[in-house]
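K.L.:
I am attaching a structure below and will ask some questions about it afterwards.
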Amino acid sequence: MEVINGQWIMDGVDSGDPGCVHTSDELLEVIERVGFMPLFSNSIPGFSVENMTDPVNWWCGDETSDPWEWRIILARTGKVAYGKFFGGKAGFVSKKWFPHFANYRRDGYDFDARYEDGKARHKEKLVMGLFEPDGVEPRDIKKSTLSKYGCHEALYTNEMKEMAGFGKDGFKDFEGVLTKLQMQTYLITRDFIPRINKHGEEFGWPVAIMTPPEYLWGYKFVTGQYKEMPGDSLKKITGQISKFYDVTDRDIRKVL
């Protein structure tokens, strides 16, 4: 994707190309086969949702054909993790490969252990604390969040910002903190909700709902590769991606 004269110019393929992905189901199959998939183009040719879809369909608003809408559909399935995983940019990791990815990114640390060892900032602790059993009182969460997920399991990002003290005159760089926690795999995007104006009309991009992956797939599953050295997990990841793209380990690490 390039920005030319203020307009986003997308890479991609023609809808008639044999490699073109046409539906969210087809994209899910690709992600589960490859294991990892950035949303937008990067330094590895072909390694993104953008590169395998028709550019004319982006942001058309039709969930049957718009890859931008597919991120919402796939996040809801629970079969993949969606978040800012690739150089601070969005993408997918399959459920099968997520434990390897988490072990590599977390360096074998649960968040609390990382914080206790001085490897996480207080700002990050404030955000992660919202998901701890005693971190949030029910009265602090919108009723819709409670009814859909249950207390402490998932929060709207706009709620998180206020509750963690990043509101007006509060801490700064909430988006940066949120991105870092996703890069470290402590948080993923579980769902999205539309923004509604005072007239009851949807506007803008929807609000993300974040959750620790442990709430989606269980602690035992997510941390299932902690017994392995993080470097070994990285080797498995680069080896998996190399099966599908003619690139070096250095190229892959640059994107990761």
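The values are calculated or read from the model by the stated rules, or taken from the named source; none is laboratory data. Predicted model, so just to flag it, every value in this text is computed and none were measured. No Cβ is skipped: glycine too gets one built from the backbone with ideal geometry, and neighbour counts run over all protein chains shown. Side chains are part of the model used for accessible areas, which takes the heavy atoms of the whole protein and leaves out ligands, DNA and RNA. Shrake-Rupley method; radii C 1.70, N 1.55, O 1.52, S 1.80 Å.
K.L.:
Considering segment 206-240 alone, what residues qualify as being aliphatic (A, V, I, L, M), open to solvent by less than 50 Å² (accessible area, probe 1.4 Å) and over 18 Å from the mean Cα position of the chain (by Cα)? Lay out the reasoning, then the answer.
P.N.:
From segment 206-240, those aliphatic (A, V, I, L, M) are 207-210, 216, 222, 229, 234, 237; that's our starting set.
Filter again for open to solvent by less than 50 Å² (accessible area, probe 1.4 Å), leaving 207-210, 216, 222, 234, 237.
Across segment 206-240, the qualifying residue is only 234.
K.L.:
Residues of segment 136-175 being open to solvent by 30 Å² or more (accessible area, probe 1.4 Å), outside any loop (DSSP other than H, G, I, E, B) and at pLDDT 50 or above, which ones?
P.N.:
Scanning segment 136-175 gives 158, 161, 162, 163, 175.
K.L.:
Report yes if residue 69 is under 20 Å from residue 185 (Cα atoms) and either modelled with pLDDT of 95 or more or touching a Phe, Trp or Tyr at 6+ places or on another chain (Cβ under 7 Å) (or both), otherwise no. Show your work before the answer.
P.N.:
Details: under 20 Å from residue 185 (Cα atoms): no; either modelled with pLDDT of 95 or more or touching a Phe, Trp or Tyr at 6+ places or on another chain (Cβ under 7 Å) (or both): yes.
So residue 69 fails the test.
K.L.:
I'm trying to understand the selection: among the residues of segment 100-116, which are open to solvent by 10 Å² or more (accessible area, probe 1.4 Å) and within 19 Å of residue 240 (Cα to Cα)?
P.N.:
100, 104, 105
K.L.:
Further question: Take the residues in segment 58-81 that are more than 24 Å from residue 217 (Cα to Cα) and in contact (Cβ under 8 Å) with a residue 24 or more places away in the chain, then tell me which one is nearest to the chain's Cα centre (by Cα). Steps first, answer last, please.
P.N.:
Here is the first cut: in segment 58-81, the residues more than 24 Å from residue 217 (Cα to Cα) are 58-68.
Still in the running and in contact (Cβ under 8 Å) with a residue 24 or more places away in the chain: 58, 63-65, 67.
Working: 58: 19, 63: 19, 64: 21, 65: 21, 67: 15 Å.
Looking at residues that are more than 24 Å from residue 217 (Cα to Cα) and in contact (Cβ under 8 Å) with a residue 24 or more places away in the chain, I get 67.
K.L.:
Which residue pairs have Cβ atoms under 7 Å apart, sit 6 or more places apart or on different chains, and have a first residue in segment 178-201 that is crowded, with 22+ Cβ neighbours inside 10 Å and a second that is modelled with pLDDT under 90 and of a type outside the set (S, T, N, Q)?
P.N.:
190/154
K.L.:
Read through the list (1) under 30 Å from residue 63 (Cα atoms); (2) open to solvent by 40 Å² or more (accessible area, probe 1.4 Å); (3) in a helix (DSSP H, G or I), then give the number of the only condition that residue 244 fails.
P.N.:
The single condition residue 244 does not satisfy is (3).
K.L.:
Restricting to segment 61-84, and then to whatever is part of a loop (DSSP other than H, G, I, E, B) and among the small types (Gly, Ala, Ser), can you tell me which residue is surrounded by the fewest Cβ atoms within 10 Å (Cβ to Cβ)?
P.N.:
If we filter segment 61-84 for residues that are part of a loop (DSSP other than H, G, I, E, B), which is where we start, we get 61-66, 78-79.
Next cut, among the small types (Gly, Ala, Ser) only: 61, 65, 78.
Numbers: 61: 9, 65: 18, 78: 12.
In this case the residue turns out to be 61.
K.L.:
Right, residue 91: within 30 Å of residue 203 (Cα to Cα), in contact with a strand residue (DSSP E or B) (Cβ under 6 Å, 6 or more places away or on another chain) and not β-branched (Val, Ile, Thr) or not? Talk me through it step by step, then tell me what you get.
P.N.:
Details: within 30 Å of residue 203 (Cα to Cα): yes; in contact with a strand residue (DSSP E or B) (Cβ under 6 Å, 6 or more places away or on another chain): yes; not β-branched (Val, Ile, Thr): yes.
When the stated conditions are applied, residue 91 passes them.
K.L.:
Taking the criterion of being within 16 Å of residue 106 (Cα to Cα), in contact (Cβ under 8 Å) with a residue 40 or more places away in the chain and touching a Ser or Thr at 6+ places or on another chain (Cβ under 8 Å), would at least one residue in segment 225-240 satisfy it?
P.N.:
yes
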